[in-house]
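Everything on this sheet refers to the single structure shown next.
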Amino acid sequence: MKKINKTNLTKKEIAQKINNKIGISQVYTNEILDDFILLLKNLIKKEGIQIQNFGTFKIINKRERKGRNPKNKEKFTISARKSLSFIMSKNLLIK
C-alpha cells in the first residue's frame, strides 16, 4: 500500500496557487478566496452542501459524553456541540 504524505494548505498558499494559475493580482485573489470561503460557511450552516466531484460538507450534532484526562485519570463531561463533517468524493481518491 502506498503511503500518502498529507500536508495542510493555508489560505495564503491557496491564493498563491490561484494567482500563479490565473495570473490576476494577489489582492484580488485573496478577496475572491475570502468571499468563496464565506459563501461556503453560510451554505453549510443552512443545510449542508454537496460539491460534485469534490465532496459533501454537513453539520452534525454531537451529544454530551463523558471523558477523562489520560495523564491524571480525572473524569469530566464533554459538552454537546456541533461539528463539521466532510465526505470526500470517490473521484478524488488517489489511485
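The values are calculated or read from the model by the stated rules, or taken from the named source; none is laboratory data. If you're wondering where the values come from, they're calculated on a predicted model, not measured in any experiment. All Cβ positions, glycine included, derive from the backbone under ideal geometry; neighbour counts span all protein chains shown.
Taking the listed residues E64, E47, E74, the one that is under 23 Å from S89 (Cβ atoms) and surrounded by fewer than 10 Cβ atoms within 10 Å (Cβ to Cβ) is E47, with no other qualifying.
Answer yes if at least one residue in the stretch 63-72 is of a type outside the set (G, A, S) and modelled with pLDDT under 90, and no otherwise. Looking through the stretch 63-72, none of the residues is of a type outside the set (G, A, S) and modelled with pLDDT under 90. Residues satisfying the criterion are absent from the stretch 19-37 (criterion: on the phi > 0 side of the Ramachandran plot and surrounded by 10 or more Cβ atoms within 10 Å (Cβ to Cβ)).
Only residues in the stretch 60-84 that are free of Cβ contacts under 8 Å to residues at least 12 places away in the same chain count as the first member; pair them with residues that are in a loop (DSSP other than H, G, I, E, B) and loosely packed, with under 10 Cβ neighbours inside 10 Å, Cβ under 6 angstrom, at least 6 apart or cross-chain, and list the lot. If the second residue must be in a loop (DSSP other than H, G, I, E, B) and loosely packed, with under 10 Cβ neighbours inside 10 Å, no pairs are left.
For the stretch 16-53, give me the residue count where each residue is within 18 Å of I87 (Cα to Cα) and in a loop (DSSP other than H, G, I, E, B). Final tally of qualifying residues: 4.
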